[in-house]
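Accompanying notes for the structure given below.
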Amino acid sequence: MYSDRMSTSDRLIESTRELLWERGYAGTSPKAILERAGAGQGSMYHHFKGKPDLALAAIRRSAEELRANAEGVLGGPGTPYQRIEAYLRRERDVLRGCPIGRLTMDPDVVASDEMRAPVDETIAWIRERIAGIVEEGKEQGEFAASLDGEEIAATVLATVQGGYVLARASGSPAAFDTGVRGLLSLLNPQAS
């Protein structure tokens with residue numbers, strides 16, 4: 001499943017990332033991690049202090065990847081509206097949900113300040129990044145001066161995370177796409 005060039009530590013982190021996304025913390029057993037990673041019995045404890053330490057490494061990596069993917073479109077070319085649109089429309093595995101957003105509903109992750117920190121930091125980073133883009137759009141006259149960047153950023157995040165929930169509940173990405181289209185129509189500077 002993983003490249004032969006990938007270290008055992010990386011295979012453990014990647015398998016844990018996938019399992020946390022699929023099953024959550026409680027449903028991710030050390031045995032399942034080792035099986036998916038193709039790693040030997042003692043390898044997890046050779047590289048990590050235990051499951052919580054490995055889960056933290058996996059959550060941090062997921063958070064870094066999500067921020068990098070978001071920055072790829074939010075920091076890309078285009079007007080502020082086009083960059084927000086690109087973020088909302090970027091390719092996602094909608095029916096699997098957000099690998100970070102799903103962790104906010106995991107009681108074991110939420111109960112741990114250490115495991116919750118990369119989740120909180122990532123959500124805050126995206127919110128701040130989008131708020132800055134909205135403010136940029138206001139300065140350029142693309143968005144109405146009355147818009148509040150923080151409120152719009154919170155709405156963008158709520159649309160994405162809520163869209164995942166609706167899509168999973170219906171078994172179709174259509175609900176996600178509908179929410180995105182609705183938000184974009186409200187933000188569209190051409191509609192004013």
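The values are calculated or read from the model by the stated rules, or taken from the named source; none is laboratory data. As the structure is a prediction and not an experimental result, all values here were calculated from the model. Because the Cβ atoms are built from the backbone with ideal geometry, glycine has one as well, and the counts that use them run over all protein chains shown. Calculation scope for accessible area: heavy atoms of the full protein, side chains included, ligands and nucleic acids excluded. Shrake-Rupley method; radii C 1.70, N 1.55, O 1.52, S 1.80 Å.
Rundown of residues vs (1) of a type in the set (S, T, N, Q); (2) touching an Asp or Glu at 6+ places or on another chain (Cβ under 9 Å); (3) modelled with pLDDT under 95, yes/no style:
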| site | (1), (2), (3) |
| --- | --- |
| R5 | no, no, yes |
| T8 | yes, no, yes |
| S15 | yes, yes, no |
| E22 | no, no, yes |
| P30 | no, no, yes |
| P77 | no, no, no |
| P80 | no, yes, no |
| I84 | no, no, no |
| R96 | no, yes, yes |
- Item | Output for the range 5-33, where each listed residue is without any contact (Cβ under 8 Å) to a residue 60 or more places away in the chain and open to solvent by less than 20 Å² (accessible area, probe 1.4 Å) | L12, I13, S15, T16, L19, T28, A32, I33
- Item | Residues that are open to solvent by 50 Å² or more (accessible area, probe 1.4 Å) and either under 11 Å from the mean Cα position of the chain (by Cα) or free of Cβ contacts under 8 Å to residues at least 24 places away in the same chain (or both), drawn from the range 74-95 | P77, Q82, E91, D93
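Restricting to the range 45-73, name every residue that is of a type in the set (S, T, Y) and without any contact (Cβ under 8 Å) to a residue 40 or more places away in the chain. Walk me through how you get there before you give the answer.
Residues of the range 45-73 of a type in the set (S, T, Y): 45, 62.
If the condition is that a residue be of a type in the set (S, T, Y) and without any contact (Cβ under 8 Å) to a residue 40 or more places away in the chain, then Y45 is the only one that fits.
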- Task: Only one of these is out of contact with any Cys (no Cβ under 7 Å at 6 or more places or on another chain) and closer than 30 Å to R60 by Cβ: A174, A154, A145. Name it.
- Result: A154
- With the checklist (1) part of a helix (DSSP H, G or I); (2) among the aliphatic types (A, V, I, L, M); (3) closer than 30 Å to G182 by Cβ in hand, flag the one item L12 doesn't pass. (3)
- Item | helices (runs of 4 or more DSSP H) fully within the range 92-183 counting 1 or more residues that are acidic (D, E) and under 20 Å from E18 (Cβ atoms) | 107-111
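Please enumerate the residues belonging to the range 135-162 that are among the hydrophobic types (A, V, I, L, M, F, W, C) and under 28 Å from R96 (Cβ atoms).
Restricting attention to the range 135-162, the residues satisfying the condition of being among the hydrophobic types (A, V, I, L, M, F, W, C) are 143-145, 147, 152-154, 156-158, 160.
Selection gives I152, A153, A154, V156, L157, A158, V160.
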- Just one of the numbered conditions (1) at pLDDT below 95; (2) open to solvent by less than 60 Å² (accessible area, probe 1.4 Å); (3) not in a loop (DSSP other than H, G, I, E, B) is not true of A63; which one? (1)
- Query: Across the range 96-131, what is the total count of residues that are within 15 Å of E71 (Cβ to Cβ) and touching a residue at least 24 places away in the same chain (Cβ under 8 Å)?
  - Reply: 10
